[in-house]
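The values are calculated or read from the model by the stated rules, or taken from the named source; none is laboratory data. Please read all numbers here as calculations on a predicted model, not as lab measurements. Cβ sites come from the backbone with ideal geometry, for glycine too, and all protein chains shown count toward neighbours.
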Amino acid sequence: MIDLEQSEVIPDMWKDVFDSEDIRFCFNCGSCISVCPASNASPPLLIRRLARLVLLGLEDELLDEDTPWSCVSCSRCEEVCPMGVRPFELGLAIRRWQVRNDETRIPPSIVELYKEGYTQPVSKAVALRASVGLGELPTIDKYPEMLKGYQDMLMATDVVSNNDYMFKG
Amino acid sequence: MSKYGLFLGCNTPALRPDVEHAIRKSMPQLGVDLVDLPGFVCCPAFGTFPSADEDAQLATNAWNLSLGEAEGLDLAVQCGSCYSSLSMGSHLLKDPKKLTRTNELLAKGGRSFKGESKVRHMMDVLYNDVGVDKISKTITKSLKGLHGIVQFPCHTLYPSEVVGFEPDKGPPHVLPDLLEALGATVEHYSLEYQCCGGAGGFHKADAPAAHNFLKSKLDAIKTETKADFIVVSCITCLMWMDVQQKPLSEAGEETYNIPVFDYNQLLALCLGAPAEQVAAISTINRDAVIEKIK
Ligand code: SF4
Ligand code: SF4
């Protein structure tokens, strides 16, 4: 339930969350929920509800929501939404908004990406790769100048530069 | 001969390199040359930069795309998440403002991106470049007598405007057609279009619900078909459907042991590649199917 009496409302909050005006066209049909695998989770991911929270400007409720993080990125909602809201991308935008407002939301995997370039040990799976007859790949750690360039590039983005202590060392 | 930059991502080369070897062995035999991309990084996966910072997301997408573009190559991708992330990135980078900002960032890393290099899924390349006729004519072994069902990777279907490569409107048929080209009988069932549920944060948020979601699919396959195997073309579908059958069997009365293959693995086997190289890693034993490929 969304309790408007109890909540503080931030006008135009949607502009800060999602850089798409199309979110305003959401008419609550629920098509996004009807096709969503993660609507089976408990608590359920209900994209329609998240769109309401964004449009109504309910900052505290939206900051507390864990459900945007249970999306499987299947984009079924994106396919069926009759109003072009792009619900999957809205879910990602809500995650980013949470990350901007609460550093505990920063996914630890982005630190791995910064340091190694990968979310899995691509350059370390030497024995497993050899067991199926494959050699090593031209991974970025083998090109120190490229890795440095990649890190310099990321250091110029907000999430890395504003939280640089996480990425160094 | 067509030529692509081979974008492998993280999961395939690190966890299922037999799938990588299947791709490397099968595609050139069908006239598709694959070139490695030195200095590639994670696509980035949706749970990483796309969930944290759009500039970092698009810069990372463009970093990978620029590696192909510098060689005049489009990218060929098997992993559904990589394919979707790179396709979404390319799509967003059609916005000149985003492309300009991304190039400012890329310049700090000594790279640039014009927006020319495209992203193609392995199934798309096989179906639309190579064609099912050529596949049927080139294989030396076949799946004749075997029944299979397909798991459509969501990331290759939706949103169709951004990622789609099906030639017609209506139900997708590229993967079933590719499987039939190998001689298999493709069966259909009620939950065919249901997601496997393995990607992203669903199972982290509620593991029992994610397991039940997969169980409903496996139950439908078991009761409605004579499937000897499941074929996918996405590393996440492959690992999730292969690895989770064991805990599902241990948790209940029903036993689940349906072998799962990536399409390129079956293709490579039909082209005579050794199973020790192209279909060596799995939780569910696949020998019974491999032995019948003659
Ligand atoms: S993309 Fe996410 S929110 Fe949309 S249907 Fe799939 S799991 Fe649900
Ligand atoms: S499908 Fe689109 S219009 Fe309907 S509730 Fe979901 S976001 Fe809103």
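Within the option set B:ILE290, B:ILE230, being away from chain A (no Cβ under 14 Å), touching a residue at least 12 places away in the same chain (Cβ under 8 Å) and assigned to a helix (DSSP H, G or I) holds for one residue only, B:ILE290.
Determine whether A:ASP3 is in a loop (DSSP other than H, G, I, E, B) and charged (D, E, K, R). It is true that A:ASP3 is in a loop (DSSP other than H, G, I, E, B) and charged (D, E, K, R).
Scanning region A:77-85 turns up at least one residue that is within 11 Å of ligand 1 (Cβ to nearest atom), touching a helix residue (DSSP H, G or I) at 6+ places or on another chain (Cβ under 7 Å), at pLDDT 95 or above and facing chain B (nearest Cβ under 8 Å). Applying a threshold of 9 Å to beta carbon distances and a minimum spacing of six or more residues, or different chains, the list of pairs starting in region A:20-48 at a residue that is within 14 Å of chain B (Cβ to nearest Cβ) and farther than 17 Å from A:GLU79 by Cβ and ending at one that is at pLDDT 95 or above and within 10 Å of ligand 2 (Cβ to nearest atom) reads A:PRO44/A:ILE33; A:PRO44/A:CYS36; A:LEU46/A:GLY30; A:LEU46/A:CYS32; A:LEU46/A:ILE33; A:LEU46/A:CYS36.
For region A:136-167, taking the residues that are touching a helix residue (DSSP H, G or I) at 6+ places or on another chain (Cβ under 7 Å) and not in a helix (DSSP H, G or I), the one that is nearest to B:GLY110 (Cα to Cα) is identified as A:ALA156. Evaluated against (1) more than 8 Å from ligand 1 (Cβ to nearest atom); (2) of a type outside the set (D, E, K, R); (3) buried (at least 23 other Cβ atoms within 10 Å of the Cβ), A:VAL72 falls short on exactly one condition, (1). The residues in region A:87-130 that are over 18 Å from the mean Cα position of the chain (by Cα), surrounded by fewer than 20 Cβ atoms within 10 Å (Cβ to Cβ) and more than 7 Å from chain B (Cβ to nearest Cβ) can be counted, and the count is 6. Name every residue in region A:44-75 that is more than 10 Å from ligand 2 (Cβ to nearest atom), of a type outside the set (Gly, Ala, Ser) and part of a helix (DSSP H, G or I), in order of residue number. Across region A:44-75, the qualifying residues are A:LEU53, A:VAL54, A:LEU56, A:GLU59, A:ASP60, A:GLU61, A:LEU62, A:LEU63, A:ASP64, A:THR67, A:PRO68, A:TRP69.
Name the residue, out of B:LEU175, B:LEU146, B:LEU179, that is under 15 Å from the mean Cα position of the chain (by Cα), away from chain A (no Cβ under 14 Å) and farther than 21 Å from B:SER87 by Cα. Of the residues listed, the single one that is under 15 Å from the mean Cα position of the chain (by Cα), away from chain A (no Cβ under 14 Å) and farther than 21 Å from B:SER87 by Cα is B:LEU179.
The set of residues from region A:34-48 being buried (at least 18 other Cβ atoms within 10 Å of the Cβ) and not aliphatic (A, V, I, L, M) comprises A:CYS36, A:PRO37, A:SER39, A:ARG48.
Scanning region A:13-38 for residues that are assigned to a helix (DSSP H, G or I) and among the aliphatic types (A, V, I, L, M) returns A:MET13, A:VAL17, A:ILE23, A:ILE33, A:ALA38. If you filter region B:260-278 down to residues that are at the interface with another protein chain (Cβ under 9 Å from one of its Cβ atoms) and in contact (Cβ under 8 Å) with a residue 24 or more places away in the chain, you find that the one that is farthest from B:LEU30 (Cα to Cα) is B:GLN277.
Just one of the numbered conditions (1) facing chain B (nearest Cβ under 8 Å); (2) more than 15 Å from the chain's Cα centre (by Cα) is not true of A:SER161: (1). The set of residues from region A:95-117 being outside any loop (DSSP other than H, G, I, E, B) and in contact with a Leu (Cβ under 7 Å, 6 or more places away or on another chain) comprises A:GLN98, A:ASN101, A:TYR114. Taking the listed residues B:GLY68, B:GLY80, B:GLY39, the one that is in the same structural domain as B:ILE23 (by TED's automatic domain parsing), more than 24 Å from A:ASP152 (Cβ to Cβ) and not acidic (Asp, Glu) is B:GLY80, with no other qualifying.
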